[in-house]
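Enquirer: Could you have a look at this structure, given as structure tokens, before my questions?
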Amino acid sequence: RRDTARFDPAALSGASGRLDPFGGMEPSNKLGHRKLLDPATRSLSDRNVRSDRAMFAIAMQQRAVVHGSPESAAELFNTMLARGIHPTAHHYAAIMDGYSRKGDMAAAVATFDAAQAAGIKPNLVLYTILISGYARQGKPDVAMRIFHDMVSAKIKPDVGAIDAVTSAYFAAGSYAMARSTLLELWPHVLPFPSELRTANL
């Protein structure tokens, strides 16, 4: 989006780096990416093209997941709010995913709750991030509870959500339970193939 007003992110948050036009993302030097993008970056900057909501979401995902710093993504989130840009589920998902991958499920759940408090309706992606996080920690009962919360909210599961719940039991070493869970939940997506009824996990 174009805007003639100048903005100093350091005055409002700890987000660092050049925010415009790519939300603070810096291209890598591999294969000369930086050199190739420099003309486009200069052109956009000269025209005062600023980061929009989608670009902030991509930058937050990079910080939270690729760089493993959900805290930095949260700082960028606050900078985005200070610019008057309203967040969507994608922005909350980036922070949740980062915390989940770090094993900080308390922070991931707090972000999930903050999204709801901000008027964001929880969706399949947000629930699956929580399910996957608890699966990685080998906590299948919690993962299954969240799955049922999701279904109770009338959100239809997909293959990823079902795989996440099943993998929670697998990670905990409960292979028989993983198999029965897969059999039980599969019909949420498609009818279970009869020829696989006796197959191993």
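The values are calculated or read from the model by the stated rules, or taken from the named source; none is laboratory data. None of the values given here were measured: they were computed from a predicted structure. Glycine also receives a Cβ, built like all others from the backbone with ideal geometry; neighbour counts cover every protein chain displayed. All accessible areas refer to the heavy atoms of the entire protein, side chains included, with ligands and DNA or RNA removed. Shrake-Rupley method; radii C 1.70, N 1.55, O 1.52, S 1.80 Å.
Enquirer: Where nothing but the Cβ of Lys and Arg (+1) and of Asp and Glu (-1) is charged, how large is the charge dipole of segment 49-139 around its Cα centre, in debye to the nearest 20?
Expert: 120
Enquirer: Relative to the Cα centre, what is the charge dipole magnitude of segment 71-201, using +1 at the beta carbon of each Lys and Arg, -1 at the beta carbon of each Asp and Glu, and rounding to the nearest 20 debye?
Expert: 120
Enquirer: Quick one: putting +1 on the C-beta of Lys and Arg, -1 on the C-beta of Asp and Glu, what dipole do you get for segment 125-201 around its Cα centre, in Debye to the nearest 20?
Expert: Using only the charged Cβ atoms, the result is roughly 100 debye.
Enquirer: Within segment 60-201, what whole-number % of the accessible surface is contributed by carbon and sulfur, with the 1.4 Å probe and all protein chains included in the calculation?
Expert: About 57 percent, which is the carbon plus sulfur part of the accessible surface.
Enquirer: HN-Hα J couplings of segment 137-153 from phi, Karplus 6.51/-1.76/1.60, θ = phi - 60°, integer Hz, Gly and Pro as x?
Expert: Coupling constants for segment 137-153: 8, x, 10, x, 5, 5, 4, 5, 4, 5, 4, 5, 4, 5, 5, 5, 7 Hz.
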